[in-house]
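Report on the following structure.
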Amino acid sequence: MDSRRSDVLSATIVSGRGPLKILLIKPNGIADEIIPPLSLGWLATQVRNRHAVTILDALKEGLSSGEIAHIAADGCFDIVGFQAWSKDIHEIKRTASQIRNNRPESKIIVGGIHPTMLPEGTMRFFGEAIDFGFRGEGEIGFPLFVEAVGSKNLDSSGLSGIPGLIWRDTGEIRVNENAFSEDLDSIGLPAWDLMPPASYPRTPHGAFYRNFPIAPIVVTRGCPFPCTFCSAKEASGARLRKRSLDNVLEELLLHYHRFGVREFQIEDDNFTLDRDYVEQFCRGLQKKEIQMTWSFPNGVRLDTLDSSILKLMKTSGCYALNFGIESGSPRILEMVNKKMTVEKIAQQLHIAHEAGFELGGFFIIGFPTETREEIEQTIDFACSLPLDRIGVFYFQPFPGTPLYKLLVSQGEIPEDWAERQQASLHTLTYVSPTLTEKMLRSCQREMLRRFYARPRQILGLMGQIKSPSHFYYMVKRSLRWMKA
Ligand code: B12
Ligand code: SF4
């Protein structure tokens, strides 16, 4: 093994001993943020007491598919699992094929949002490169799958009862019903020692931070809202499931005392949905007297906030909020079922601004049927709001979402569209017949320029640069956006 591979392997390996060696891989790719892969940490926790588990963050290590394949072969892994977002499927296929060549006896499984939304399509796309797919949350099904591999019980009697497993039964693709963990405390904490926050670069979600190291955490799962562009409901279910506050505070204390973490980022779909829960969380945090700042880089819904809960959050260390605003066009907000009006958005943002938070808004341009005038409305709207930062994304039909299905049914995109694209934050993959690619690209630039080329925004951004390396990271990130 060459020294780079062995360094990476020994830095990431290995937790526990046991009959099977399991490698869980976060694939490499273009990303603005490089942060610990929470879901793989949770999966590792489920199996590490019986087997040897390694988490390989190929994004963080900057590994090529060839290097990953060598690591998989050198480490003699019995099971290799990938986390697949739609943007990563081509890279995963390349890597899985090489692992297949280097070590044919490894069982290769692909889980995550892409197979969750497109189970059969995933198996067809990967073909012989993988043995299994997995849909939905893995904490129940993945350990059962590992035991089936261990006992070589890989026929239909062994596989058909494993929740979430996608498998081939004499050529037919079978998709087992998935299972959500009802009691989130029972799944334990992610295996943080296998992905220590301090080993990650200063490239957090949302780019800005107050303190380092930073840990992402997921406190609740699920979202009851019906936004037609979003896959959260399919991924995490429509009902909000909450960890107990003791369980969450235990994780934060572990971060603070054992891993030296000084900031946490709540990545939930909808953390603030249950007001009482948020209140108890803040009070619990205050009692623990740990000095940690926190924020919501992934967004919270504006309609769940009021000034008294905001005040409590602020005094508990929360300093930044982001919101999925999506559009300044009332017609588009209605069309995507956001259940919000432009008036309510503006009103709530002013309350959050008064409470003294750093505020960020996410906008999407290029929705099906959207017109240039409606995008202009969004630009004007964004510039009228008390926001410190914005993100402007091109609409992408994520597989399985209502808008994806609508576009397929109207013949605007083919059924296997998601496999043909490498959808990610920077790619423009869909152009509505009401717009052109050139128009969309120039609207994105115009929006960023008009928003940021104002003294308050420029001074605000400059004031938050932490170091020369943070400045370099911000410049690189901004250039990627401007070139997109
Ligand atoms: C948190 C989050 C992030 C965080 C990730 C935090 C982290 N450290 O892991 C960050 C900020 C990095 C992020 C970024 C992006 N995200 Co995001 N994100 C989410 C969010 C809100 C929650 C995910 C989560 O942690 N859920 C809790 C965990 C436990 O669930 P999970 O990740 O799904 O993992 C479970 C299962 O999928 C399964 N599983 C996962 N991997 C594997 C592997 C194997 C082998 C097995 C068996 C099972 C398995 O088991 C896991 C445990 O139960 C989801 C929405 C959602 N509800 O899913 C969007 C979501 C996943 N993100 C999405 C997108 C598009 C992105 C970006 C591309 C956005 C962008 N514009 O840049 C970037 C990608 C950048 C990158 N680095 O790759 C989309 C994905 C759509 C798609 N089809 O790909 C989602 C679904 C939101 C949406 N818009 O609909 N995101
Ligand atoms: S955009 Fe937000 S509120 Fe809407 S469904 Fe997705 S997670 Fe829920």
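The values are calculated or read from the model by the stated rules, or taken from the named source; none is laboratory data. Keep in mind the model is a prediction, meaning the values are calculated, not measured. Methodologically, a virtual Cβ is constructed for each residue, glycine included, from the backbone with ideal geometry; neighbour enumeration extends over all protein chains shown.
The sole residue among Asp57, Asp88 that is within 13 Å of ligand 1 (Cβ to nearest atom) and in contact with a strand residue (DSSP E or B) (Cβ under 7 Å, 6 or more places away or on another chain) is Asp57. Within the option set Glu373, Glu419, being in the same structural domain as Phe208 (by TED's automatic domain parsing), assigned to a helix (DSSP H, G or I) and either among the polar types (S, T, N, Q) or within 21 Å of Ala346 (Cβ to Cβ) (or both) holds for one residue only, Glu373. Exactly one residue out of Leu249, Leu254 is in contact (Cβ under 8 Å) with a residue 24 or more places away in the chain, surrounded by fewer than 17 Cβ atoms within 10 Å (Cβ to Cβ) and outside any strand (DSSP E or B): that is Leu254.
Yes/no matrix, rows are residues, columns are (1) over 25 Å from Glu137 (Cβ atoms); (2) among the basic types (Lys, Arg); (3) in contact with a helix residue (DSSP H, G or I) (Cβ under 8 Å, 6 or more places away or on another chain):
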{"site": "Pro216", "(1), (2), (3)": "no, no, yes"}
{"site": "Gln265", "(1), (2), (3)": "no, no, no"}
{"site": "Lys288", "(1), (2), (3)": "yes, yes, yes"}
{"site": "Leu312", "(1), (2), (3)": "yes, no, yes"}
{"site": "Thr315", "(1), (2), (3)": "yes, no, yes"}
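The residue that is farthest from ligand 1 (Cβ to nearest atom), among those in segment 204-230 that are surrounded by fewer than 20 Cβ atoms within 10 Å (Cβ to Cβ) and polar (S, T, N, Q), is Asn211. Filtered by the rule that a residue be in contact (Cβ under 8 Å) with a residue 12 or more places away in the chain and of a type in the set (Asp, Glu), segment 432-451 gives a lone residue, Glu446. Taken together, Ile290, Ile309 contain a single residue that is away from ligand 1 (no atom under 16 Å from the Cβ) and more than 19 Å from Ile351 (Cβ to Cβ), which is Ile290.
Right, Ser236: farther than 22 Å from Met292 by Cα and within 16 Å of ligand 2 (Cβ to nearest atom) or not? Yes: the conditions hold for Ser236. State yes or no: is Thr371 surrounded by fewer than 21 Cβ atoms within 10 Å (Cβ to Cβ) and either more than 23 Å from Thr429 (Cβ to Cβ) or in contact with a Phe, Trp or Tyr (Cβ under 6 Å, 6 or more places away or on another chain) (or both)? Taking the combined requirement at face value, the residue does not satisfy it. Run down Leu461, Leu440, Leu448, Leu435 and say which single residue is outside any helix (DSSP H, G or I), in the same structural domain as Glu412 (by TED's automatic domain parsing) and surrounded by 12 or more Cβ atoms within 10 Å (Cβ to Cβ). That would be Leu435, the only listed residue that is outside any helix (DSSP H, G or I), in the same structural domain as Glu412 (by TED's automatic domain parsing) and surrounded by 12 or more Cβ atoms within 10 Å (Cβ to Cβ). Just one of the listed residues (Phe77, Phe125) is touching a helix residue (DSSP H, G or I) at 6+ places or on another chain (Cβ under 6 Å) and surrounded by 22 or more Cβ atoms within 10 Å (Cβ to Cβ), namely Phe125. Quick check: anything in segment 194-202 within 13 Å of ligand 1 (Cβ to nearest atom) and either modelled with pLDDT under 95 or surrounded by fewer than 17 Cβ atoms within 10 Å (Cβ to Cβ) (or both)? The answer is yes, given that some residue of segment 194-202 is within 13 Å of ligand 1 (Cβ to nearest atom) and either modelled with pLDDT under 95 or surrounded by fewer than 17 Cβ atoms within 10 Å (Cβ to Cβ) (or both).
Of everything in segment 452-476, what is without any contact (Cβ under 8 Å) to a residue 60 or more places away in the chain, closer than 27 Å to Asp88 by Cα and aromatic (Phe, Trp, Tyr)? Give them in sequence order. Tyr472, the sole residue that qualifies.
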